[in-house]
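Below: one structure, written as structure tokens.
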Amino acid sequence: MQRALFPKDGLPKHLRADFDDFWAAYPPRKPNPRALAEVAYARAVKEGVSPFDLAHAAARYSDEVRAQKIDAAFVVHAATFLRQRRYLDYLNAEAPAPEAATRRVDEDHPLRAVTRGRISDADFVRWIMPLMPGRREGDERACFYAPTAFHRDWVRAQFATEIRAGLKVRVLFIDIFPEPCPSMESAP
């Protein structure tokens with residue numbers, strides 16, 4: 001008797017949160033069978049693809065769909081995206097040029113001084129340097145803009161506490177270009 005590779009739901013428990021990140025970053029499409037995507041995702045991870053890379057590729061594909069105004073009916077099923085290894089196109093497209101690979105920390109970035117010692121140089125270059133400063137309202141609120149929804153969500157989840165502590169503000173808004181940051185009146 002042949003044993004199933006994956007549990008009945010298609011996705012091992014330890015991959016559920018990572019898959020949810022991938023699924024949230026993937027462009028909307030109806031129908032897009034989640035169960036098939038879960039099995040293909042688990043296989044890709046088992047073959048050695050990092051969950052971060054898969055979510056990042058999904059976010060880049062989503063950006064492309066949005067930028068080219070591709071109708072949702074023409075978005076590739078997530079399972080096909082994974083099975084055919086289309087994610088490699090979006091990972092390779094972002095491969096840094098030799099001069100970009102050795103990019104140094106921008107010491108003039110407004111968050112550099114306040115995050116020194118709180119965030120590694122590698123994380124600063126990858127996640128914080130792309131943030132554009134927005135408005136700051138004293139010690140109450142600060143606003144920054146991220147290039148993509150995935151980038152915004154990652155910075156919020158991983159670095160918001162360090163940034164807020166470094167800036168000594170109560171509230172930190174991170175939005176996507178060119179979304180306006182909420183004003184004092186519209187915020188809770």
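A few comments on the model shown:
- A search for C-beta distances below 6 Å between a residue of the range 69-96 that is farther than 14 Å from LEU54 by Cβ and not assigned by TED's automatic domain parsing to the domain that holds TYR26 and any residue that is modelled with pLDDT under 95 and among the aromatic types (Phe, Trp, Tyr), counting only pairs 6+ apart in sequence or on different chains, returns nothing.
- Residue check for ARG85: closer than 22 Å to PHE150 by Cβ, in a loop (DSSP other than H, G, I, E, B) and under 20 Å from the mean Cα position of the chain (by Cα): yes
- Subset of the range 135-161 (residues that are over 21 Å from HIS56 (Cβ atoms) and either outside the structural domain of ARG116 (by TED's automatic domain parsing) or under 20 Å from the mean Cα position of the chain (by Cα) (or both)): CYS143, THR161
- Selection from the range 31-68 of residues that are over 20 Å from the mean Cα position of the chain (by Cα) and in a loop (DSSP other than H, G, I, E, B): PRO31, ASN32, PRO33, GLU47
The values are calculated or read from the model by the stated rules, or taken from the named source; none is laboratory data. Values in this document were obtained by computation on a predicted structure and should not be read as measured data. Please note: Cβ atoms are built from the backbone with ideal geometry, for glycine as well, and neighbour counts cover all protein chains shown.
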